[in-house]
Structure formats: C-alpha cells, structure tokens
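S.K.: Next up is a structure, given as structure tokens.
Since every read-out is calculated from the coordinates, none of them should be taken as a lab result. This is a predicted model, so every value here is computed, not measured. Cβ coordinates were reconstructed from backbone atoms using ideal geometry, including for glycine residues, and neighbour counts include every protein chain displayed.
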Amino acid sequence: MGNLDILTPRGQESLRQERRMLDAIKDVWGFQVFETDKDSPCEVDGFLGRDNIVVGVFESKCRKLTMAQLHKFDNRWLVTFDKVLAGLSFSRKLQVPYYGLIYLLDDSVGLMIQISDAKGSPIVNMDVAQTTTQRTVNGGTIQRANAYIDMSTAYQFPIPSEAQ
C-alpha cells in the first residue's frame with residue numbers, strides 16, 4: 001500500500017469532497033460512477049457508465065477556489081501532464097471520451113469538460129509547461145510537466161451541501 005497521500009487526514013477529506021461531486025454527477029447526468037482503488041496508485045480516477053457499459057474515463061480534483069479565482073487564472077485548470085496522457089491512453093484503448101471534473105469548493109460548483117473524443121484525441125485548448133507546483137494535497141513542491149486546460153466551455157453544475 002505504501003505512503004499514499006489519500007490515506008492521510010487531508011487526503012481523506014479530499015476524497016470525501018470528491019465523492020460529493022461524483023454523487024452530483026450521478027444526479028445531474030444519471031451516470032454510474034466507478035472509482036479506481038484509492039488504496040493503490042492509479043493512472044485515472046475512474047470511469048463513467050450507463051447501463052453497466054463504460055462510456056467515459058475521468059480525472060477528478062477538488063480545489064479551494066471560486067469561479068472568480070479560476071477566471072483570474074484565465075479559466076485554466078492545472079493538472080499534471082502525465083495524468084492527461086494516461087487519460088488519453090485509456091480513452092483511445094476503450095474508445096470512450098476522457099473527462100476532467102473539478103469541484104470548486106468555495107462556490108460549491110462542479111465543472112465538467114470533455115478533454116478528448118472517443119478516439120483519445122484532445123478536443124480542448126491546452127498548454128503544457130514545465131512548472132513548480134504543490135506536490136500533493138499534503139504540500140511540498142515538485143517541478144514537472146503540467147497541463148493547463150481551458151475550462152471556459154466546461155459545463156457547470158451545483159454540488160449540494162452535506163446537510164441536503
């Protein structure tokens with residue numbers, strides 16, 4: 001099992017938040033959601049299904065941001081380029097679209113964008129740059145290739161509060 005960040009208190013909180021977003025996706029689109037095992041490192045976060053058939057692969061993140069703050073970042077979502085490449089590969093192999101899912105915690109808003117078509121070809125505006133960013137949910141820094149995905153055409157959906 002190793003030292004997975006998801007197993008730390010911050011990682012568990014992030015996982016709880018991510019699952020709230022995934023529940024909202026089930027409600028909004030009627031997708032089935034199949035998560036990958038969080039106790040082991042995986043190249044993608046999960047799969048979307050309908051009638052028990054895989055219809056998409058996804059990468060999901062929670063960010064302590066508002067829509068206004070995202071606009072200040074030119075509506076760009078930072079995700080490691082290795083994650084994007086893995087998602088594109090799964091998309092191509094499974095012949096399903098690849099999606100990016102972000103939960104903007106401070107606005108209780110989810111964003112969903114289709115990153116690739118069903119052949120694994122990117123269909124979003126994306127820049128790639130070698131940058132220094134936070135290593136994990138638990139902090140630290142790392143220099144790596146990061147993708148900056150244009151979220152200006154992402155579908156927005158509400159994420160209900162936990163009390164609802």
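S.K.: Could you work out the pair-distance distribution P(r) of the range 72-127 from its alpha-carbon pairs, with 5 angstrom bin width and percents rounded to whole numbers?
M.R.: 4, 19, 27, 24, 14, 9, 3, 0
S.K.: I'd like the FRET efficiency for Leu85 and Asp51, computed as 1/(1 + (r/R0)^6) with the beta carbon distance as r and R0 of 35 Å, rounded to 0.05.
M.R.: Values: r = 29 Å, r/R0 = 0.84.
For R0 = 35 Å, the calculated efficiency reads 0.75.
S.K.: Further, regarding this structure: Gain in length, Ser161 to Phe34, computed as 0.36 nm per residue apart minus the alpha-carbon separation, to one decimal in nm?
M.R.: Numbers: separation 127, 0.36 × 127 = 45.72 nm, distance 2.22 nm.
Contour length minus the Cα-Cα distance gives 43.5 nm.
S.K.: Still on this model: If you average over every viewing direction, what projected area does the convex hull of the Cα atoms of the range 5-158 give, in nm²?
M.R.: Dividing the Cα hull surface by four gives the mean projection, 8.5 nm².
S.K.: Starting from 0.36 nm per residue, how many nanometres of slack lie between Phe73 and Ser108 once their C-alpha separation is accounted for?
M.R.: Taking Phe73 through Ser108 to full extension adds about 10.8 nm, to one decimal.
S.K.: Then there is this: So for the range 7-86, what are the equivalent ellipsoid semi-axes in whole Å, largest first, each being the square root of 5 times an eigenvalue of the Cα gyration tensor?
M.R.: Details: eigenvalues 94, 55, 43 Å².
The equivalent ellipsoid of the range 7-86 has semi-axes of 22, 17, 15 Å.
S.K.: For the pair Lys119 and Gln95, how long in nm is the line joining their label points, each one 7 Å along Cα→Cβ?
M.R.: Once both label points are built, they end up 1.3 nm from each other.
S.K.: Could you work out how much longer the chain between Glu43 and Asp27 gets when fully extended? Use 0.36 nm per residue separation minus the Cα distance between them, nm to one decimal.
M.R.: That pair, Glu43 and Asp27, stretches by 3.2 nm at full extension.
S.K.: If you don't mind, there's one more thing I want to ask. Loop-only chymotrypsin sites (Phe, Trp or Tyr not before Pro) in the range 68-164, please: DSSP not H, G, I, E or B, and at most 15 other Cβ atoms within 10 Å.
M.R.: Of the chymotrypsin sites (Phe, Trp or Tyr not before Pro), the ones in loops of the range 68-164 whose Cβ has at most 15 other Cβ atoms within 10 Å are Phe73.
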